[in-house]
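Asks: Before I ask anything, let me first share the structure, which is written out below as structure tokens.
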Amino acid sequence: MRKRLAPIATEPTAADLAAIDTEWPLIAAELDVLDAEISMIYAEDHGGPTALDWRRLRRAEARVTRAAADLADRTDPHRAA
């Protein structure tokens, strides 16, 4: 016996897009960390990461922390306005 699957929406809903828009600063910051980490991996083939590579990674990680805190503040229902 074959079960019928629920239809899958091919387009994101307005709520999906709003959630992505709300989380986009955090997503972008995480992509910056990923980019810095990839650069560090490639730097291993050229004598290792430089001080500038490490600084770039630390700054990207700090942006993630700030973006996550900002997102938590904006989405916390118990936060006093």
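The values are calculated or read from the model by the stated rules, or taken from the named source; none is laboratory data. The shown structure was predicted, so the numbers you read here are calculated from the model rather than taken from an experiment. Cβ coordinates were reconstructed from backbone atoms using ideal geometry, including for glycine residues, and neighbour counts include every protein chain displayed. Heavy atoms of the whole protein, side chains included, go into the accessibility calculation; ligands, DNA and RNA do not. Shrake-Rupley method; radii C 1.70, N 1.55, O 1.52, S 1.80 Å.
Table: residues versus (1) more than 14 Å from E23 (Cβ to Cβ); (2) without any contact (Cβ under 8 Å) to a residue 60 or more places away in the chain; (3) open to solvent by 50 Å² or more (accessible area, probe 1.4 Å); (4) in contact with a Phe, Trp or Tyr (Cβ under 7 Å, 6 or more places away or on another chain).
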| site | (1), (2), (3), (4) |
| --- | --- |
| S39 | yes, yes, no, no |
| D45 | yes, yes, yes, no |
| D53 | yes, yes, no, no |
| R56 | yes, yes, yes, no |
| E61 | yes, yes, yes, no |
| V64 | no, yes, no, no |
| A67 | no, yes, no, no |
| T75 | no, yes, yes, no |
| H78 | yes, yes, yes, no |
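Asks: Could you list, in sequence order, all residues of the stretch 23-37 that are without any contact (Cβ under 8 Å) to a residue 40 or more places away in the chain and either open to solvent by less than 70 Å² (accessible area, probe 1.4 Å) or among the charged types (D, E, K, R) (or both)? Give the steps one after another, and end with the answer.
Replies: Of the stretch 23-37, the ones without any contact (Cβ under 8 Å) to a residue 40 or more places away in the chain are 24, 27-37.
Within the stretch 23-37, I27, A28, A29, E30, D32, V33, D35, A36, E37 qualify.
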